[in-house]
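Enquirer: Sharing a structure with you now.
The values are calculated or read from the model by the stated rules, or taken from the named source; none is laboratory data. In this text the structure is predicted, and so the values were computed from the model without any measurement. Glycine also receives a Cβ, built like all others from the backbone with ideal geometry; neighbour counts cover every protein chain displayed. These accessible areas exclude ligands, DNA and RNA; they are computed on the full protein's heavy atoms, side chains included. Shrake-Rupley method; radii C 1.70, N 1.55, O 1.52, S 1.80 Å.
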Amino acid sequence: DIVLTATGSSIRLTSTESATDSINIESTIGGVKILASGAAAGEDIVLTATGSSIRLTATESATDSINIESTLGGINILASGASAGEDINLTATGSSINLSSTENAALAITLNTNGGTSETIRARNQQGTGAASIELVSTAGGVTITGGLATADAININTTAAGGGIDVDAGTAGFIVDT
């Protein structure tokens, strides 16, 4: 083994070459482990790319080829850029995106906007043609739709196809419309 130890000081690797691989840390057979085991707050692992990007790439064909895991605390993903185009995009090409929460609490999953009066939230299905191409399901409880707008069209249900209709079915408790 090669062991570099700096007792009471730091170890720094610096390269002044302008190349995509100016510093390489590589293991051709085994893994690579980076560990910060300090007990003090702020003794973190910090990856910073000034003027460039940070990319994690895995070539293993497995369901968990990249894991981001916190065994004690939460996980924050933050894009704090100044322009609207600096978004957080989740894309699963040829597979699905699944959000799950096991917390037994109200608001266990929340989608929230807080950017101004022009903000919107959209759930869009691009190619599904079935009657349930977008489905809201509560297997044990109810579903509530609430509009806070103080106008006659606070909640809209539209069908845009020429032959489209609106189908409302109710169980034995009936159908109630109050004004």
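Enquirer: Looking at L56, L99, L72 in this structure, which one is at pLDDT below 85 and of a type in the set (A, V, I, L, M, F, W, C)? Quick ask: steps written out before the conclusion?
Expert: Values: L56 fails: at pLDDT below 85; L99 fails: at pLDDT below 85.
Being at pLDDT below 85 and of a type in the set (A, V, I, L, M, F, W, C) holds for just one of L56, L99, L72, which is L72.
Enquirer: In addition: Tell me whether region 24-37 contains one or more residues that are at pLDDT 90 or above, acidic (D, E), open to solvent by 80 Å² or more (accessible area, probe 1.4 Å) and farther than 30 Å from L136 by Cα.
Expert: There is no residue in region 24-37 that is at pLDDT 90 or above, acidic (D, E), open to solvent by 80 Å² or more (accessible area, probe 1.4 Å) and farther than 30 Å from L136 by Cα.
Enquirer: Same structure, new question: Being loosely packed, with under 10 Cβ neighbours inside 10 Å and not polar (S, T, N, Q) narrows it down to one residue among A154, A162; which is it?
Expert: A162
Enquirer: Exactly one of (1) modelled with pLDDT of 90 or more; (2) more than 32 Å from the chain's Cα centre (by Cα) is unmet by A161. Its number?
Expert: So A161 meets the others, but not (1).
Enquirer: Looking at region 165-179, which of its residues are among the hydrophobic types (A, V, I, L, M, F, W, C) and either open to solvent by less than 80 Å² (accessible area, probe 1.4 Å) or touching a strand residue (DSSP E or B) at 6+ places or on another chain (Cβ under 8 Å) (or both)?
Expert: Once the filter is applied, which keeps residues that are among the hydrophobic types (A, V, I, L, M, F, W, C) and either open to solvent by less than 80 Å² (accessible area, probe 1.4 Å) or touching a strand residue (DSSP E or B) at 6+ places or on another chain (Cβ under 8 Å) (or both), region 165-179 yields only A170.
Enquirer: Considering region 96-114 alone, what residues qualify as being over 30 Å from T159 (Cβ atoms), under 15 Å from the mean Cα position of the chain (by Cα) and exposed (fewer than 10 other Cβ atoms within 10 Å of the Cβ)?
Expert: Across region 96-114, the qualifying residue is only S100.
Enquirer: Here's something else I'd like to know. State yes or no: is A41 out of contact with any helix residue (DSSP H, G or I) (no Cβ under 8 Å at 6 or more places or on another chain) and open to solvent by less than 100 Å² (accessible area, probe 1.4 Å)?
Expert: On the way: out of contact with any helix residue (DSSP H, G or I) (no Cβ under 8 Å at 6 or more places or on another chain): yes; open to solvent by less than 100 Å² (accessible area, probe 1.4 Å): no.
Spelling it out, it is not the case that A41 is out of contact with any helix residue (DSSP H, G or I) (no Cβ under 8 Å at 6 or more places or on another chain) and open to solvent by less than 100 Å² (accessible area, probe 1.4 Å).
Enquirer: In region 115-146, which residue that is among the aliphatic types (A, V, I, L, M) and under 30 Å from S83 (Cα atoms) is least open to solvent (accessible area, probe 1.4 Å)? Walk me through it before giving the result.
Expert: Filtering region 115-146 for residues among the aliphatic types (A, V, I, L, M) gives 121, 123, 131-132, 134, 136-137, 140, 143, 145.
Checking which are under 30 Å from S83 (Cα atoms) leaves us with 121, 123.
Numbers: I121: 107, A123: 80 Å².
So the residue we want is A123.
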